[in-house]
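Worksheet: one structure, shown below.
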Amino acid sequence: VVVVAVVVVAVVVVVVVAVSITGMFMAEDTTAAQASIDVLFVGNSLTYTNNLPNLFMKLLENSILVSADVISSSTAGGVSFREHALHVEDYGQYATDLRTVEKIRSRHWDYVVLQDQSGSWVFLDEPNVNTYGDPIYDAEGFFTETYDPYPFQLVREAVDAGGRGLFMQTWPSSNDLFQNSTDLIEHAYNNVAGRTHSLVAPVGAAFLKATEDGQFQASDLYKDNVHPSYKGSFLAACTIYSTITGVSPKGLRVAGSLLSEEEQDALEQYAFSAWLEFKSRVRNSYPCKKDFCIRFAGEINIPTTTTLTTSAATTTSVTEDPCVLRDTHFQLFLGGFLTPSQDLKLSHELLDRHCANDWTPCFNSSLHHENFHFRCDYKGPTMAVFRVKDPHRISPNDGRIFGAYAPVSFTSRGSSVIIEEEDDDVLLFRFDPDSPAHLQVITVVSSDRKDMYDYSANGPIYGRVSDMLLNEKLTFASFSLATGRFEYPSTPENYDASWYAGTLSAHLDLAMVYYSPTLAALEPTPSMPITTTSTTTTTTSTTTSTTTSTSTTVTTTKKMTTTKFATTKSTATTKTASKTTASTATATAT
């Protein structure tokens, strides 16, 4: 009896540890209570043929891991993401019963499965996806030369409904079920999933996998040249199951299935194998970055409470990922400094990269008169925007807007700053004076990675050798080119030192430097007060002391920098609250 009791206790301990460590659904853990999920399928005849949502629901009916609360769909023949993303306020203008956005908004969904038209996958890849959407106009009604892509709109709706987008990778036609064709479709779906931090169900890859060893022919999986047969739809349902749970559906039976148990087992295994191989490919080819990450089961778990047979309970905590592309501008840039179209361009190109939307000024030259470093050191990545205005005369360069992005903190190091490879690059930009809505960005990458400089007696210094140098009050800028030492790849033909402000030096009537409090919270606390003013005379001992302190600070900062992305994902969890905070802070600052 004692031996049996010990064994039982050991088993319970193992189960508890397994659940708490992995945070994943364990296929063999029969003691876990089911997690209930709501799933909405958005697509066309590829989804409603053989009633794919119903097949998926029947799989869940036999699962001990997850059950269906509500499984629904919004489908119509031949439609694409374009029709699905139709705005609610425009429904009256079109004779259609397809009201996808309204249905997404109607309730909480854990997952919204998104399947585009069979041939529309080409619009999901670069560069086509950037124009596969609604044109964006500024407040004056002028076209901003940018679009709000339909798949991004649908993912935003899914996230606002409390869930996550899951793209269902489609398959090529039956006479083109080959590796190359499947890879092209996979790459396209990976692109939109990565840019929106969504999941991908690699159904097309599963179709190819099931025909590789000859057990199934393409004709077994297709009803015609495009639409799936019952076996093809069953395979799709199994692939979606593995995508959501991270485990194999093998052994699950669909009541009333037209397939034998052997056929079900085989297709379930092909689905899981295809998903595992897909995950390996993605992790090798698409490592997660701040602005691009394809998600997988186990990283995003269905909220659930796991109860053991011994009545002991453990809860799986879920952290929502804030990194969802938001195609809306940051209000903090408005108010006469930038036009709405300029604001939209800048936020798209630069600020979304950190998955943080609480950017707020640490320096506003119209309000603040301290040294730049006093207000903006140890603030994490910063975005600086400057406007040219000659104080003595009317100049053709007045009104030009330029700026720079620093991927790491300024800390008054008193030296150059080496930008590590895992960090973002230093970026320099301007709005084209001949086309003010056109944002032009130059990436700074030098061979020694010394791409910015950090001296307390100056303002920020960006570039290889002071390409862009600001004074400490951010009222004056000067520019230079290190043409003798470095190359400048991917720059406009007319690029020179006067490219930013129209001259080699310029007075500024407005300077704004933005930072994210979310990212700043990750920065180390300075070991001694930051030098806020420059002095003309210093003793040798003071200089030595300051240098030693600065060296220590640089080392600490680099340690933080190498891990900041992993930390950011778990810290920046309240997007709405951050946005409200940022807007409030902005109103005060401006």
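What to note about this one:
- Candidate set from segment 213-237 (those that are within 34 Å of the chain's Cα centre (by Cα) and surrounded by fewer than 19 Cβ atoms within 10 Å (Cβ to Cβ)); member that is nearest to Phe56 (Cα to Cα): His227
- Subset tally (residues that are without any contact (Cβ under 8 Å) to a residue 24 or more places away in the chain and in a loop (DSSP other than H, G, I, E, B)) for segment 59-86: 1
- Pairs where the first residue, in segment 90-101, is touching a residue at least 12 places away in the same chain (Cβ under 8 Å) and the second is aliphatic (A, V, I, L, M), C-beta under 7 Å, 6+ apart: Leu98/Ala76; Leu98/Val79; Thr100/Val42; Val101/Ala85; Val101/Leu86; Val101/Val88
- The one condition from (1) at pLDDT 95 or above; (2) open to solvent by less than 20 Å² (accessible area, probe 1.4 Å); (3) not in a helix (DSSP H, G or I) that Trp109 does not meet is (1).
- Any hit, segment 394-407, residues being surrounded by 18 or more Cβ atoms within 10 Å (Cβ to Cβ), over 20 Å from Thr144 (Cβ atoms), touching a residue at least 60 places away in the same chain (Cβ under 8 Å) and more than 31 Å from the chain's Cα centre (by Cα): no
- Flag set for Asp116, criterion: in a loop (DSSP other than H, G, I, E, B), touching a residue at least 60 places away in the same chain (Cβ under 8 Å) and under 22 Å from the mean Cα position of the chain (by Cα).
- Just so you know, in segment 358-375 the residues that are open to solvent by 20 Å² or more (accessible area, probe 1.4 Å) and not basic (Lys, Arg) include one that is modelled with the highest pLDDT, and it is Phe374.
- Test for Glu493: is it modelled with pLDDT under 80 and in contact with a Lys or Arg (Cβ under 8 Å, 6 or more places away or on another chain): no
- When Ile300, Ile240 are checked against the criterion of being crowded, with 19+ Cβ neighbours inside 10 Å, modelled with pLDDT of 90 or more and under 25 Å from the mean Cα position of the chain (by Cα), a single residue qualifies: Ile240.
- Residue in segment 465-479 that is nearest to the chain's Cα centre (by Cα), counting only those that are assigned to a loop (DSSP other than H, G, I, E, B) and at pLDDT 90 or above: Leu474
- Residue identified as open to solvent by 30 Å² or more (accessible area, probe 1.4 Å) and at pLDDT 85 or above among Tyr488, Tyr515, Tyr462, Tyr500: Tyr515
- Enumeration of residues in segment 142-160 that are touching a residue at least 24 places away in the same chain (Cβ under 8 Å) and hydroxyl-bearing (Ser, Thr, Tyr): Thr144, Thr146, Tyr150
- Set Phe142, Phe167: member being of a type in the set (A, V, I, L, M, F, W, C) and under 21 Å from Val282 (Cβ atoms): Phe167
The values are calculated or read from the model by the stated rules, or taken from the named source; none is laboratory data. As the structure is a computational prediction, the values presented were derived from the model and not from experiment. Using ideal geometry, Cβ is built from the backbone for each residue, glycine included, and neighbour counts are taken over all protein chains shown. For the accessible areas, the whole protein counts, side chains as well, though only heavy atoms, and no ligand, DNA or RNA atoms are used. Shrake-Rupley method; radii C 1.70, N 1.55, O 1.52, S 1.80 Å.
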